[in-house]
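The next block holds one structure in the form of structure tokens; read it before the comments.
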Amino acid sequence: MLDNANAPYKFGGVYYWWNFVRKNSVIAYQYYQKTKSQLAYDDSDNDIKSGIYYRLELCLFRGIGTEKNLFGALAYINKDHPYSYYDRTHDKFNWHSIAKKIEELRETIIGEFDDEIESDNQGE
């Protein structure tokens, strides 16, 4: 496979969304992790960073292909925000949709943390 982030990103999407192959969330998550490790440090991959971080957030939040990890999902959300603004300033297709999804996911995760804290406090 080529040593650039676009190839594993696309392969991950194939397995995540079940396009042309049998759906396999573990393989999808592995490809998303590979994509993350191949992202360029310069600005050349900025066009896919928001998308890949969002998919990693979803995998970690829902436990798709990996164990559920709310802290890990929230960490990717924090990395993702600047790139959703990059998408906006470069008028990337559908930028407002991904920015909204990121914010909704953040609110959901924080809500789950709040519920957990409230539940712990009631048990004391």
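The values are calculated or read from the model by the stated rules, or taken from the named source; none is laboratory data. Owing to the predicted nature of the structure, the values given are computational and were not obtained by experimental measurement. These area figures cover heavy atoms from the full protein model, side chains too; ligands, DNA and RNA do not enter into them. Shrake-Rupley method; radii C 1.70, N 1.55, O 1.52, S 1.80 Å.
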Among what's in the range 55-69 and is part of a loop (DSSP other than H, G, I, E, B) and of a type in the set (D, E, K, R), pick the residue that is most open to solvent (accessible area, probe 1.4 Å). Glu67
Which residue, of Tyr32, Tyr83, is open to solvent by less than 50 Å² (accessible area, probe 1.4 Å) and assigned to a helix (DSSP H, G or I)? Tyr32
